[in-house]
Amino acid sequence: MNESKMMERRLKKVLMQDKINAYEGLTRALEGDLRILLGCYMTLCGDVSINIDILDGGEYQINISAKADNINAPNII
């Protein structure tokens, strides 16, 4: 394998890893923000999780999952 092909593969690997790390950082940040927001309106009894998919048309589908055992009066900070 020539050197340029090896460099190309290494660059692709680095870019894919950056993309994965950026996605994980985004979902962690959103989960934290949503935990705070939802906590103003309900008592959460589990984790908040987010899954982001890219649809065929390029749109993003965002699925949010959270469990609460009580809905409260708004607790605005």
When the residues of region 62-77 are filtered to those that are part of a strand (DSSP E or B) and over 13 Å from the mean Cα position of the chain (by Cα), which remaining residue is surrounded by the most Cβ atoms within 10 Å (Cβ to Cβ)?
Ala68
Can you pull out every residue in region 39-53 that is closer than 18 Å to Pro74 by Cβ, over 19 Å from the mean Cα position of the chain (by Cα) and hydrophobic (A, V, I, L, M, F, W, C)?
Cys40, Met42
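Looking only at residues that are over 26 Å from Ala73 (Cβ atoms) and touching a residue at least 12 places away in the same chain (Cβ under 8 Å) in region 23-38, which one is least open to solvent (accessible area, probe 1.4 Å)? Outline the logic, then answer.
Restricting attention to region 23-38, the residues satisfying the condition of being over 26 Å from Ala73 (Cβ atoms) are 23-29.
Narrowing the set further to residues that are touching a residue at least 12 places away in the same chain (Cβ under 8 Å) leaves 23, 26-27.
On the way: Tyr23: 86, Leu26: 87, Thr27: 14 Å².
Here the residue is Thr27.
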Answer yes if at least one residue in region 39-61 is assigned to a helix (DSSP H, G or I), open to solvent by 70 Å² or more (accessible area, probe 1.4 Å) and of a type in the set (Phe, Trp, Tyr), and no otherwise.
no
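The values are calculated or read from the model by the stated rules, or taken from the named source; none is laboratory data. It should be emphasised that the depicted structure is a prediction, and the values quoted were computed from it without experimental measurement. Reconstructed Cβ throughout: ideal geometry from the backbone, glycine too, with neighbour counts over all protein chains shown. Areas reflect the complete protein model, heavy atoms only, side chains present, ligands, DNA and RNA absent. Shrake-Rupley method; radii C 1.70, N 1.55, O 1.52, S 1.80 Å.
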